[in-house]
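This report refers to the structure that appears directly beneath it.
Computed from the coordinates by the stated procedures, all read-outs in this text should not be read as laboratory data. This one's a predicted model, so the numbers in the text were calculated from it and none came from an experiment. In this analysis, Cβ positions are derived from the backbone assuming ideal geometry, glycine residues included, and neighbour counts consider all displayed protein chains.
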Amino acid sequence: MTGRVIVITSGKGGVGKTTTSANIGTALAKSGSKVVLIDTDIGLRNLDLLLGLENRIVYTLVDVVEERCKLKQALVKDKKNPNLCLLAAAQTRDKTAVTAEQLKEICEELQEDYDFILVDCPAGIEHGFQTAISGASEAIVVTTPEMSAVRDADRIIGLLEAKEEIKSYKLLINRVRPNLIKANDMMSVDDVVDILSCNLIGIIPEDTGIITSTNRGEPIVNDENSMAGKAYKNVALRIQGEEVPFLDIDEPHGFIDKIKKFFGIKAKA
Amino acid sequence: MKDIFTNLYNKVIGFFQSDKGDSSKVIASNRLKLVLMHDRTNLDTLTMQKMREQLIKVISRYIEIDQEALDLNLEGEGDAIALMLNIPVIRARTLEEIEAIEKAEEEELAQKAAKDSSEDESDEEEADDSESEDNDEDAAEDSEESECEEETPEVENSDSEENSDSEQASVSGKQKAKKK
């Protein structure tokens, strides 16, 4: 088996790389694929929190690299889904603890047993980023429809293009707020895609459910009623090669529709 | 009762559809596009300024242009980046003017070359050289000034004619500039 190594990156911090990693990973595992999530944000790890695995971590990526344990020992199985594993980052060290070559070796080893290796990349374009992308052949660039995030995404796309090993990269636009877009106060998905001229893999609507799901340590894809959860599931399907139409998240349309509906009811009554 | 709702409905629709022109989204897109052009090409403000100055020098040789209104920008569609130069033309120079300017430039170049070659020699001589150069330059300036004075009326005439047409020259050098 040769698994696919996909790095999830953004340049800017706080756009939802880790949330995206946790959700895509969970969605892929739910559909039956064997998945490893690697947190490369050494010193600032959070992927364990989003998956609710913070209490189960014994060994980390750094322990594997420094040969204090075997790779298999460091993989923490998810609570619900045995197909999903986490290789956590060390919290007490910094990015220099792991080199690009070392991470590449780990990815190669994992490729033999798993379908997907998702690498959660730290923010920035320095050492941590270079390390995170070293083992990957695909990338997902996460951005939001904000200027600073789009600019940083453009920089990341430039760096990914220069990297021969990265065969394909796709754009995931996170925290889209349809009501702001409708009021012309936020760049739309089309605007961002046009500016970055990059293929799209997902549009995730802003969802307050993300906060509560993070609080509980349970990815939002487990919530059947969540729009963001559905959108992440669709991303997972697209990664697996299925053609899924993008969700219609035109909220204000719904708002006007609601008024229309209200009208209808009035007219009938 | 229905009228109230119709009114409300229209107001809501109007709220969402109005002010599309200068909405913050459009401002954001435009600012972002500009900043990305510069990020992608690695052209900083200083380099653009230098390019601008040299372009003005070259173009001014052949046409009189409105230097203040000259607009030099990078624009792009997708991966392709174009250098857009928009120059309001005041009037074309006559053949005699062009020749005079070219001659002045040649002299300047010759002086520069002479200066460069004499740089190896002793400080004393160099000081002498620069003095004499200063004199030459002054003379050159004087002659240029007198030329301009002679032609002032002509300039005014053509000004009034051509400004109404608001003639503009636009140069576009489209080049594929792959992101680096």
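Couplings 3J(HN,Hα) of the range B:31-36, computed from phi: 4, 5, 4, 5, 5, 5 Hz, in residue order, whole Hz [Karplus 6.51 cos²θ - 1.76 cosθ + 1.60, θ = phi - 60°; x for Gly and Pro]. Distant-in-sequence amide contacts of residue B:90, defined by a placed amide H-H separation under 5 Å and a gap of 5 or more residues or a different chain, comprise B:64, B:65, B:66.
For the range B:23-77, the list of trypsin sites (Lys or Arg not before Pro) that fall in a loop by DSSP and count at most 11 other C-beta atoms within 10 angstrom is empty.
A DSSP coil position with no more than 12 other Cβ atoms inside 10 Å describes the following GluC sites (Glu not before Pro) in the range A:23-82: A:67. Need one word for the range A:1-64: rounded, prolate or oblate. Basis is the Cα gyration tensor (sqrt eigenvalues a ≥ b ≥ c); a/c below 1.5 gives rounded, then a/b vs b/c decides. Cα axes put the range A:1-64 in the rounded bin. For chain A, the longest principal axis of the C-alpha atoms and the axis of helix A:17-30 are separated by about 90°. Seen through its C-alpha gyration tensor, with square-root eigenvalues sorted a ≥ b ≥ c, the range A:1-141 comes out rounded because a/c lies under 1.5. GNM remark for chain A: springs join alpha carbons under 10 Å apart, and the peak mean-square fluctuation among A:13, A:128, A:25 falls on A:13.
Restricting the range A:65-97 to trypsin sites (Lys or Arg not before Pro) that sit in a DSSP loop and have at most 12 other Cβ atoms within 10 Å of their own Cβ leaves A:68, A:70. Our Cα-only numbers for the range A:161-201 put the radius of gyration and Dmax at 13.0, 41 Å. Normalised by the number of residues in the range A:4-262, the mean separation of alpha-carbon contacts (under 8 Å, six or more apart) gives a relative contact order of 24 percent.
By the beta-carbon count within 10 Å of each Cβ, the least crowded to most crowded order of A:2, A:60, fewest first, is A:2, A:60. Here the range B:103-118 and the range A:119-167 have alpha carbon centers that stand 52 Å from each other.
By the Cα gyration tensor, the range A:143-182 has an equivalent ellipsoid whose semi-axes, rounded to whole angstrom, run 25, 11, 5 from largest to smallest.
Legend: residue pairs A:30/A:170; A:30/A:163; A:80/A:167; A:167/A:233, Cα-Cα distance threshold 25 Å; pairs beyond threshold, A:30/A:163; A:80/A:167.
The angle separating the long axis of helix A:251-268 from the principal Cα axis of greatest extent in chain A is about 30 degrees. Going by neighbour counts of Cβ atoms within 10 Å, the residues A:48, A:194 line up, fewest first, as A:194, A:48. Counted by neighbouring Cβ atoms within 10 Å, the residues A:187, B:51, A:227 run from fewest to most as B:51, A:227, A:187. In the distance distribution for the range B:56-114, Cα-Cα pairs more than 19 Å apart total 49 percent. A simple rule links phi to the HN-Hα coupling: the Karplus curve 6.51 cos²θ - 1.76 cosθ + 1.60 with θ = phi - 60°, which for the range A:124-138 gives x, 10, 8, 3, x, 5, 4, 5, 4, 7, 4, x, 8, 10, 9 Hz, with x for Gly and Pro. Our helix-only sum for chain A, with -39,500 (n - 2.57) per DSSP H run of n ≥ 4 divided by its residues, gives a mean residue ellipticity at 222 nm of -12500 deg cm²/dmol. Judged by the ratio a/c of the largest to the smallest principal axis of the C-alpha gyration tensor, the range A:4-262 counts as prolate, that ratio being 1.5 or greater while a/b is larger than b/c.
The mean number of partner chain beta-carbon atoms within 10 angstrom of a residue's beta-carbon across peptide B:32-44 is 3.
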